[in-house]
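Trainee: Got a structure for you, questions after.
Coordinate-derived values only; no laboratory data. What you see is a predicted model; the values in this text were computed from it and never measured. Cβ placement follows ideal geometry from the backbone for every residue including glycine, while neighbour counts extend to all protein chains displayed.
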Amino acid sequence: MKGGDPYVRALMRTISASEANTNRPYSVLYGGKHINDLSRHPEVCVTIVNGPNKGNCSTAAGRYQVINTTWKQIASRYHPKPSQFMLWSSYSFEAEYQDVVIYRWLSDSQVWGTDITQLLRQGKLNSVLKLLSPTWTSLGYGIETNSMSRYLPSIYQKMLQDELKATNKVNS
């Protein structure tokens, strides 16, 4: 994603590292299979095979592993281009829109009850990860973790340095 706050972009890359660590993150479904059609959220229900939700299913998809009901909710508010059909709206799940919707969502202090960007600028990454862990359980403070969870602070620092360098190049 280009533009926007480098701290939020680094956070988005960190979430992606934990949730969709693959060479094709925008098309990945929960469990690792990929889809080709990103014209809308795929809404594929994949059975959860381990952890506290074993036996349930997950519709998590894309770079940020957003479930279909969350996507409908946040896309209706943050998506730049809804597609209108007769009685319902569909929101493109293409890569650029996944990034824009998540960026705008993370940047909305009313949703989270605090200014995430400000917390990140104050070096309070752990507070941010804890705040977001009910949404993204792999961030280390939720009901489950994954193999990336403990590395997230260092991943974030690396991503932040990359994003700050990119921002400085653009502003030079």
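Trainee: Compute the relative contact order of the chain as a whole-number percentage, counting only Cα pairs closer than 8 Å that sit 6 or more residues apart in sequence.
Mentor: Taking the mean separation of contacting Cα pairs over the length of the chain, I get 25 percent.
Trainee: Please compute the modelled spin-label separation between residue 124 and residue 81, points set 7 Å along Cα→Cβ, answer in nm with one decimal.
Mentor: 3.7 nm
Trainee: Give me the distance between the Cα centres of the stretch 1-73 and the stretch 106-172, rounded to whole Å.
Mentor: With the stretch 1-73 and the stretch 106-172 each reduced to a Cα centre, they are spaced 16 Å.
Trainee: To continue, here is another question. Along the Cα-to-Cβ line of residue 166, 7 Å from the Cα, sits a label point; which residues in the stretch 1-27 have backbone N less than 14 Å from it?
Mentor: Counting backbone N atoms under 14 Å from the label point, the list is 1-17.
Trainee: Quick one: 128, 100, fewest Cβ neighbours within 10 Å first, how do they rank?
Mentor: Least crowded to most crowded, the residues run 100, 128.
Trainee: Here's a follow-up. I need 77, 13 ordered by Cβ neighbour count within 10 Å, fewest first. Provide the component values of the computation, followed by the final result.
Mentor: Numbers: 77 11, 13 19.
With the fewest neighbours first, 77, 13 line up as 77, 13.
Trainee: Rounded to the nearest 0.05, what FRET efficiency do residue 73 and residue 147 have when you use their Cβ-Cβ distance and R0 = 30 Å?
Mentor: 0.55
Trainee: While we're looking at this one, here's another question. Using per-residue counts of other Cβ atoms within 10 Å, averaged over each peptide, order 160-167, 58-65 from highest down. Show your work: numbers first, answer last.
Mentor: Values: 160-167: 15.1, 58-65: 23.0.
Order by mean packing, descending: 58-65, 160-167.
Trainee: Within 10 Å of each residue's Cβ, count the other Cβ atoms and sort 14, 135, 69 from fewest upward.
Mentor: In increasing order of surrounding Cβ atoms, one gets 69, 135, 14.
Trainee: Which of the lysines could be linked to residue 169 by a straight reach, that is with a Cα gap under 23 Å, when you skip same-chain ones fewer than 8 residues away?
Mentor: 2, 158
Trainee: Would you work out if the stretch 1-103 is rounded, prolate or oblate? Take a ≥ b ≥ c from the square roots of the eigenvalues of the alpha-carbon gyration tensor; rounded if a/c is under 1.5, else prolate when a/b is larger than b/c, oblate otherwise.
Mentor: Oblate, because a/c is 1.5 or more while a/b does not exceed b/c.
Trainee: Identify which of the listed values of Cα extents along the principal axes in Å was calculated from the structure shown: (1) 45, 37, 32; (2) 46, 45, 30; (3) 51, 32, 30.
Mentor: This structure yields the entry labelled (1).
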